[in-house]
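Colleague: One structure, as structure tokens, below. Some questions next.
Every number here is computed from the coordinates shown, using simple stated rules; none is lab data. None of the values given here were measured: they were computed from a predicted structure. Here Cβ is always computed from backbone atoms with ideal geometry, including for glycine, and neighbour counts include all displayed protein chains.
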Amino acid sequence: MNEASEFKATALCVVCESYDDSRTFPQLVGAKAQMEEIAGLLEGLGFDVRLVGGGNPDRAAFDREVEEWSEGWRRSGGRKPALILWSGHGVLADDELRLVLSDLKPGDHVGTRKVRIRRQGVSTEELIGYAVSSEADQILVVVDTCYAGDGVGDGVRTVLKHWSEISLPPGRTKWLGSMASCQRNETSDGDGPLLRALAAVLREGPRTDEYLSAWSAHNELVSGVELLAALPTRWEAEGQRPARAAVGDERPAFPNPLARPGTAPALVEHLVLAARGVGHREEGWFFSGRQRVLGEIIAWMEAATPGLFLVTGPAGCGKSAVLGRVATLADPEQRQEAERQGALREGDPDPGVRDARSFAAVHLRGLDATQAAAELAARLGLPEPRNADALRAELRELPTPPVLVLDGLDEVPAEHTQGVIEELVFPLSRMLPVLVGSRERPFRGRLKEGETLPDALVRHIGDSVTTVDLEAEPDTRQDIAEYVRRRCEAAEVDGAGVAEALADRATAQDGGFLFARLVTGFLVARLRELEGLQGTEDLLSGLPDSVEAAFEEDLHSGPRRVRDDGTELPSAARDLLTALAWAAGRGMPAGGVWEAVASALGGQGVVYDEGDLDWVLSAYGRYIVEDGAGTQAVYRLYHREFVSHLRRREGPGRAAAEVVVLRAVVDLLKRQAEAGGWERVDPYVQTWLSRHAAWASVPGPGIDVLRDLVVWDRENALPHLAEALLEVSVALSGNAHHTAAVEFAREATDIYRDLADRDTVCLPDLAGSLNNLANHLAEAGDRQGALEPAHEAVRHYTQLARTNPAAYLPNLAGSLNNLAIRLAETGDRQGALEPAHEAVRIRRQLAHTNPAAYLPNLAMALNNLANHLAETGDEPAAIQAYTDTAAGLAQAHPAATRAIEYERAAFQLGRPEPTRTSGLLGLIRIVNDESADQPGEIALRARQTLRAHAHTSRDCRESLEQTWRQETDTAAPDWLSLSEDTLNLVVEWVNTPTWTDSRTFWSRHADALGDDEAATALAEFALAWPVAEQHQRIRELVLSEGVDSVFPALILRDTLSGWLACENWDDSKRFFQEHSELLLDESAEKALTETDDVTPGIAVHAALLRIARTEDIDTAFQCVQDRGALQRHALRALNDGDAQALAYAAAIEGSVFDDELSSATHHQAALLLAGDPESLDLDALAEAASEADPETRNRLTSELATLATRSSDPQHTAHWFRLVQALTQTRP
């Protein structure tokens, strides 16, 4: 028996197909193979499977192996679930079922027959007894024999008697379920109908047209009850009825065959659904428009340079749809579905499929920096990081820097927004391409007076920042109109006439895309009702005029919940959706939490159950996203607008809804803890209890509710109270309630100190809370009081870092930096230097081991130290700190050294003279440094910093130009005077999604792009952007040779790439017909085959080009879709002596039809026709012939013999017969 940790469950499988007494017990043909198939399925799901005796066990083998199985699982199974399967004959003896083993010989004598059956047969009580003695807490028994229903009740009675004799410890619950293939008075089909149903469930889950949340792909486990309910859905037998029974307290324990943990690429369901343009479980892929933005994003991704690309705009404008489109097309599975639905159209910007280690998409809703880092790591297949710093260290080791997509930054809790931006978004953007979707709200606190968002981001991150405001996009109206048309087309109604008018109305709304998404559903229904009436005013009249109105109208007029017993629940949809509005993190799970919260919000004694949840997911799934958290499925509302709207709803009796939700969560916690200890409390409740308390506390009594819970169970509840106090203090501080924030922060710190005194595992929490308290005290004006907790935090992190430096050195550096700031605030600028120096020392140490991950933090620590030193009047020491750090990195990490030198020069530039001039000189030297270890990105940043300085004032520009002349003996460079208009124009040209678009853009802006200033801008971007270097060459060629000499080849290359990417021959033919003018030109074949590495796939497409050009497109595609047509083409090539045509036919034969011998033969024949007998490979041809069927060999022999007799060259005739001999010779 292997260690339990290797397995999720155990399975005991007993099958008897053949029997010693074959006259009494006929062979059950296929029974063993059926059980072996199930055993394989179970092993694939993580079961430890014991097939007793290898099949057909006798009584001795059964007794021995079942005893071993039961004792082994009791010893090492850890109370994990057990599945017991029996397939074979069953007989009744005195109306009691006995399961028959292979050596049972009852005989013909009436008296001895019953005795032998009772003694040698196996009772269900005995079988279940072994299962119970294994100490598995969840047991499922499946018996597929005649009269099997007789054992169902006996098994339940056996279990109840056993359980009544034992006392379970806290946290333990037990359940047993049993299913039989027929009733006690029925015989069963001999082909194992119940096990056939079980095999189908293990492969595909239940057969159902309804949504079953328990079987979500995000649920790692299902309960035995769910398995019992699934088996009848796969039942196909007639004339017998399965019987089942269960007893005990079931819980999810058995591996879910539909679970897909970690197998799907790094995609968030929210993004995928947004890309489809419709809600959950609606059919059709209607994403449209945003071509310019998507093209710009994809060009930015292809450049693969570190930086931040921010897609912003108001709620509902389509930010998630844009990010979702990128994520969908980058993921192989989702892309395949998008293509199947026709969602990827000709000319659409396309990022291409991305490797799982090179792309990750995460929705940030409800996450803090550490949780977001863990999500990213999971998507990329990396170990779970302890914090964001650790994630950056892991990312540094990847061979290819991944592109990260972070949607919903504005949905991060307010108290964690700063941490996510400063610990994750900004640092990652300095080392990787990071695509972010967010409203501007999270960044507003970083804007200086009069500063724009792009300028602020450049100041925080550097120059590699791109921002797009979707609200300002000029094509929004057309994009919405196209979306409406596609929705109507998919619904088979004519909405073309009204699409423009609805787009006008949507564009006038905040969140136009979301408005269009909702209202188009009403429009489709109205078009169906009005049939022939097509007047725009009639169609639009009475439609909702806002997102909220549309949502309310849908809830009012939509389906009503009526249970199977006729009970009506009129507010079910609103109650269940409102519960999700209060979901924390990834979402709220079914199976307890969602039901409890919805019941509390509904009031009036209504108690919702899992069936109600499945109903709302089916009826209103367009508003719900299914996601995964840990091992269970969770659910949340599709859009933040719905969350905001439903959160305004009061609870029963006009109580605050957030308080009602918190009390429901606490009540559920108590029920679950009382039934099975805190181990049985839902993971969602344990993770997000403090968040719910915080929501109910600002303002509200949420903290008091947790204090009451501490009274109920101090040991388990106290950490949750401390966590909630910490969250509330941050929220109060964000609302400028600094004094109240201090009170809550102090109480949290006191609790963590008490917990840490009892268990040092809480020491990191204490250190973090002390930093938090110090910050709040400083904000409240008690700067002196802030010093004590800041010092204590440093002491604790110092202790932690000694024992685990890898985990806690980054925290220690951050805490030292915090202490330095607190000291400086009290006026002790000299005292601030020691911790600031130590923070730099630690950051330097970390950067030395992993510069990409820790260089941004080192630069920040250096800047802080330099500022502290400057405030003490010791500017030289400030500069020396940069110099020493750069020197320490020089040998091992020269690129990091250049980055620090840039930071030094930028710091100097911000100081008074004469230091400012030193900064100018430093930046000038950086931009003129052409050494190999000078990163182009640093040179680019230095240029942009100098240009920004020159634009500050006339004096600054004149000083810069003078310094430049003195340093270089040359005039100030042209790039110093580059205008924003030219820079923006060049970026827009470089980011055009296709070469056709690039040519169009050039034609519109030929004068500006042909100007020397554009060349200067391109040269600057080429320092760090390879695609800009490519456009430099294209610009030079266009200016020297003309547009028509340059772009056609580039456009042809794009076209060929698009054609090669077609998934099937029908799509390929349509693509060819749409681009026939380009593809029928001889240059297309030349461009395709001019590479040295012509793969079989390229050769096939080259063949299609040639056949289409010499004959026609239909004939060409018949050759890849009809084997007979290809054979006719090959014969024509042979008769005409066309070597190239025959070689292409050979490529199609091998690559498309897998006819290796025909391909090899015709390839050799083509070589002879081309006059190249030296390249013949007779051995390879003979090898292929030896493995082919005689008919193919005879056909090819006849073809070659005919050519041999026609040959006028005796030398060639000999070669032809050598080929014939290779085809016909016998190989050993």
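Colleague: For the stretch 1088-1165, what value does the Rg/Rh ratio take when both radii are computed over Cα atoms and Rh is the Kirkwood radius, given to two decimals? Before the final figure, lay out each step's value.
Modeller: Details: Rg = 11.2 Å, Rh = 12.1 Å.
When Rh is taken as the Kirkwood radius, the ratio is 0.93.
Colleague: Would you be so kind as to identify which of GLY318, ALA299, ALA972 lies farthest towards the positive end of the dipole of the chain, taking Lys and Arg as +1 and Asp and Glu as -1 on Cβ and the Cα centre as origin?
Modeller: Positive-end residue among those listed: GLY318.
Colleague: Using a Debye calculation, one point per C-alpha and no hydration shell, please list log10 I(q)/I(0) for the stretch 927-1045 at q = 0.16, 0.18 Å⁻¹ in order.
Modeller: -0.82, -0.98
Colleague: Still on this model: Order these peptides, 638-644, 914-920, 319-325, by their mean beta-carbon neighbour count within 10 angstrom, highest first.
Modeller: On the way: 638-644: 19.9, 914-920: 18.0, 319-325: 28.1.
In decreasing order of mean packing, 638-644, 914-920, 319-325 become 319-325, 638-644, 914-920.
Colleague: What are the semi-axes of the equivalent ellipsoid of the stretch 989-1043, taken as the square roots of 5 times the eigenvalues of the Cα gyration tensor, listed largest first and rounded to whole Å?
Modeller: Each semi-axis is the square root of five times an eigenvalue, giving 16, 13, 10 Å.
Colleague: Suppose a student asked you for the relative contact order of the chain, using Cα pairs under 8 Å spaced at least 6 residues apart; what percent would you report?
Modeller: Computed value for the chain: 6 percent relative contact order.
Colleague: What distance in nm separates the simple spin-label points at ALA1214 and GLU1187, each placed 7 Å from Cα in the Cβ direction?
Modeller: If labels sit at ALA1214 and GLU1187, their model points lie 3.2 nm apart.
Colleague: I'd like the distance between the alpha-carbon centres of the stretch 1036-1101 and the stretch 1124-1177, rounded to an integer number of Å.
Modeller: 24
Colleague: Also, I was wondering about something else. Counting DSSP beta bridges with both partners in the chain, what percentage is antiparallel, nearest 5?
Modeller: DSSP beta bridges in the chain are roughly 35 percent antiparallel.
Colleague: Whole number please: convex hull volume per residue of the Cα set in the stretch 1049-1224, in Å³?
Modeller: Spread over its residues, the Cα hull of the stretch 1049-1224 gives 114 Å³ apiece.
Colleague: Express the C-alpha Rg of the stretch 468-522 as a ratio against the empirical globular expectation 2.2 N^0.38 Å, rounded to two decimals.
Modeller: 1.06
Colleague: Near the amide H of LEU221, under 5 Å away, which other amide H atoms are found, from residues 5 or more places off or on another chain, if H is placed in the peptide plane?
Modeller: Those qualifying (amide H under 5 Å, at least 5 residues apart or on another chain) are ASN256.
Colleague: Let me ask something additional. Based on the alpha-carbon gyration tensor of the stretch 563-647 and its eigenvalue square roots a ≥ b ≥ c, which shape applies: rounded if a/c is under 1.5, prolate if not and a/b is larger than b/c, or oblate?
Modeller: Since a/c reaches 1.5 and a/b is larger than b/c, the shape of the stretch 563-647 is classed as prolate.
Colleague: Now for a separate question. Just going by the charge dipole of the chain, with Lys and Arg at +1 and Asp and Glu at -1 on Cβ, which of LEU1181, GLY40, LEU921 is farthest out on the positive end?
Modeller: GLY40
Colleague: Let me ask you something else. Mind running the shape call on the stretch 752-828? Use the C-alpha gyration tensor, a ≥ b ≥ c as the square roots of the eigenvalues: rounded below 1.5 for a/c, prolate if a/b tops b/c, oblate otherwise.
Modeller: It is oblate, given that a/c is not under 1.5 and a/b is not larger than b/c.
Colleague: Find how much the distance from ARG157 to THR1110 grows on full extension, using 0.36 nm per residue of separation minus their present alpha carbon separation; answer in nm with one decimal.
Modeller: Using 0.36 nm per residue and subtracting the Cα-Cα distance, I get 334.8 nm.
Colleague: If you rank TRP86, TRP615 by fewest surrounding Cβ atoms within 10 Å, what's the result? Please report the intermediate quantities before stating the final value.
Modeller: On the way: TRP86 28, TRP615 22.
Least crowded to most crowded, the residues run TRP615, TRP86.
Colleague: While we're here: Go through the stretch 1021-1033 residue by residue and turn each phi into a ³J(HN,Hα) via Karplus (6.51, -1.76, 1.60, θ = phi - 60°); whole Hz please, and just put x for glycine and proline.
Modeller: Here the 3J(HN,Hα) series is 5, 5, 4, 10, 10, x, 5, 5, 4, 4, 6, 4, 5 Hz.
Colleague: Compute the Rg/Rh shape ratio of the chain: radius of gyration over Kirkwood radius, all on alpha-carbon atoms.
Modeller: Rounded to two decimals, Rg over Rh is 1.02.
Colleague: In square nanometres and to one decimal, what's the mean projected area of the convex hull around the Cα atoms of the stretch 4-255?
Modeller: In nm², the orientation-averaged hull projection of the stretch 4-255 is 13.4.
Colleague: Let me ask another. Once the stretch 586-726 is represented by equal point scatterers at the alpha-carbon sites, with solvent omitted, what log10 I(q)/I(0) does the Debye formula produce at q = 0.10, 0.14, 0.17, 0.18 Å⁻¹?
Modeller: Calculated log10 I(q)/I(0) at the listed q: -0.33, -0.67, -1.01, -1.14.
Colleague: Still on this structure, I have one more. Which one of SER571, VAL986, LEU1080 is farthest out on the positive end of the charge dipole of the chain, using unit charges on Cβ (Lys, Arg +1; Asp, Glu -1) and the Cα centre as origin?
Modeller: Going by the charge dipole, the pick is SER571.
Colleague: Another question, if that's okay. Can you list the equivalent-ellipsoid semi-axes of the stretch 880-946, largest first and in whole Å, using the square root of 5 times each Cα gyration tensor eigenvalue? If you can, show how the numbers build up before the last one.
Modeller: Values: eigenvalues 71, 43, 13 Å².
The equivalent ellipsoid of the stretch 880-946 has semi-axes of 19, 15, 8 Å.
Colleague: Cα-Cα pairs above 21 Å in the stretch 860-988: how many percent?
Modeller: Beyond 21 Å sits 44 percent of the P(r) for the stretch 860-988.
Colleague: Among ASP1155, ASP1189, ASP554, which comes first, second and so on when ranked by fewest other beta-carbon atoms within 10 Å?
Modeller: Neighbour counts put them in this order, fewest first: ASP1189, ASP554, ASP1155.
Colleague: What does the convex hull of the Cα atoms of the stretch 645-692 come to per residue, in Å³, rounded to a whole number?
Modeller: So the per-residue Cα hull volume is 75 Å³.
Colleague: Run the paramagnetic zone check for ARG802: 7 angstrom along Cα to Cβ, then residues of the stretch 737-772 with backbone nitrogen under 19 Å.
Modeller: Those under the cut-off are 756-768.
Colleague: Shifting gears a bit: Can you sort VAL659, VAL761 by how many other beta carbons sit within 10 Å, fewest first?
Modeller: Sorted ascending by nearby Cβ count, the order is VAL761, VAL659.
Colleague: Over all directions, what mean area does the Cα convex hull of the stretch 765-899 project, stated in square nanometres? Please list the in-between numbers first.
Modeller: Details: hull surface 31.5 nm².
Average of the hull's projected areas for the stretch 765-899 equals 7.9 nm².
Colleague: Fully extended, how many nm does the chain gain between GLU440 and SER22 (0.36 nm per residue separation, minus their Cα-Cα distance)?
Modeller: Between GLU440 and SER22, full extension yields an extra 142.5 nm.
Colleague: Counting only pairs 8 or more residues apart or on different chains, how many lysine pairs in the chain have their Cα atoms under 16 Å apart?
Modeller: Lysine pairs meeting both conditions in the chain amount to 4.
Colleague: Using alpha carbon centroids, what distance separates the stretch 739-772 and the stretch 225-253, in Å?
Modeller: So the separation of the two Cα centres works out to 51 Å.
Colleague: Note the full-extension length gain between LEU1060 and ASP1093 as 0.36 nm times their separation in residues minus their Cα-Cα distance, in nm to one decimal.
Modeller: This chain segment gains 10.4 nm when fully extended.
Colleague: Next question, about the same structure. What number, rounded to the nearest 500 deg cm²/dmol, is the helix-based mean residue ellipticity at 222 nm of the chain, given -39500 (n - 2.57) per DSSP H run of at least four residues and division by all its residues?
Modeller: After summing the helix terms and dividing by residue count, I get -18500 deg cm²/dmol.
Colleague: Inverting the mean 1/r over all pairs of different Cα atoms, compute the Kirkwood radius of the stretch 844-907 and quote it in Å. List each step's numbers first, then the result.
Modeller: Working: mean 1/r = 0.0871 Å⁻¹.
It is 11.5 Å.
Colleague: Now for a different question. State the dimensionless ratio Rg/Rh of the stretch 82-127 (Rg: radius of gyration of Cα atoms; Rh: Kirkwood radius).
Modeller: Numbers: Rg = 10.9 Å, Rh = 11.1 Å.
Reported Rg/Rh (Cα atoms, Kirkwood Rh): 0.99.
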